[in-house]
Amino acid sequence: QIIRESEALEFYPATYTLADIGGLKALKEWLRMRELAFSQRAREYGLPVPKGIALIGIPGTGKSLTAKMIGGLWHLPLLRLDVGALFGSLVGESEERTRRALHLAETIAPCILWIDEMEKALAHGGLDSGTSTRVFGNILTWMQEKSAPVFVVATANDISSLPPELLRRGRFDEIFFLDLPNHEERMEIFSVHLQKRKRLPEDYDLELLADRSEGYVGAEIEQAVIDAMYIGFNDGEREFTTEDILTALKRQVPLSVSQREIVA
Ligand code: ATP
């Protein structure tokens, strides 16, 4: 649902919970600790209102998933800022759209503002770099000066394309780097996606699945579970097995980290 007063902001429904995310323990714990951060009780206690976090990492590791989950966890509206849609062709139009979107977020506060693909603000194709720099600068200044409780979740794929001033201490409460999941995390991610498809994780060999999925991200693990379902379905609609998931994993060639950077 696009918000009428801004072409770049849209409301996102709260569709995910903490249980939908495998791994990312530190990040989930950080968010869980702040579940009541915007409440009256927190204010009376004197807790500072969290400003925002940056989630940086290769595609398919759960950045968008986490951003979508926070709104539900904290019971706050979630707004997604489409950075690409901030840019217009008229002189001053991009800055005006940026101002309008950020102002709108403040009027909706307390809320979560998810700035998706933050690096896009800097490298907007076809535009003079001056406009990109100004739009990016306006967002940074606003982040520093905003008085309304708008919690910023900035997601980005490629750290090297982000200017150091974005990541400077104080801009965000915390910066989380999302990397390839380790063995234990892959077991958890398989478990999440099996449960999502109404299957009991204990009916599957999670250890073996995790052993054979080194180098795969969450999105690829999810895909392997879905592909295995198709294998079972097309084979007389039988229940899909650990073996089917292994077959599906083998068919998918995981990208190397450098290939992932190219795709991103
Ligand atoms: P991109 O940078 O391409 O947007 P992303 O890091 O935001 O990638 P998501 O969009 O969050 O990745 O992941 C895609 C899908 O993969 C999710 O909707 C989810 O189903 C699955 N997935 C990714 N990471 C995890 C995880 N840690 N636990 C469970 N599922 C995951």
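The values are calculated or read from the model by the stated rules, or taken from the named source; none is laboratory data. If you're wondering where the values come from, they're calculated on a predicted model, not measured in any experiment. Virtual Cβ from ideal backbone geometry, glycine too; neighbours counted across all protein chains shown. These accessible areas exclude ligands, DNA and RNA; they are computed on the full protein's heavy atoms, side chains included. Shrake-Rupley method; radii C 1.70, N 1.55, O 1.52, S 1.80 Å.
Annotations
- Taken over segment 86-123, the criterion of being surrounded by 20 or more Cβ atoms within 10 Å (Cβ to Cβ) and among the polar types (S, T, N, Q) is satisfied by 94, 98.
- Within segment 140-184, tally of residues that are farther than 18 Å from residue 101 by Cβ, open to solvent by 30 Å² or more (accessible area, probe 1.4 Å) and not aromatic (Phe, Trp, Tyr): 20
- Boolean, residue 117 is modelled with pLDDT of 95 or more and of a type in the set (Asp, Glu): no
- Sole exception among (1) within 19 Å of the chain's Cα centre (by Cα); (2) away from the ligand (no atom under 16 Å from the Cβ); (3) not β-branched (Val, Ile, Thr) for residue 144, by number: (1)
- For segment 195-223, a residue qualifies if it is within 11 Å of the ligand (Cβ to nearest atom), assigned to a helix (DSSP H, G or I) and crowded, with 18+ Cβ neighbours inside 10 Å, and the qualifying residues are 218, 220, 221, 222, 223.
- Residues satisfying the stated conditions in segment 178-194, i.e. out of contact with any helix residue (DSSP H, G or I) (no Cβ under 7 Å at 6 or more places or on another chain), within 11 Å of the ligand (Cβ to nearest atom) and not in a loop (DSSP other than H, G, I, E, B): 185, 188
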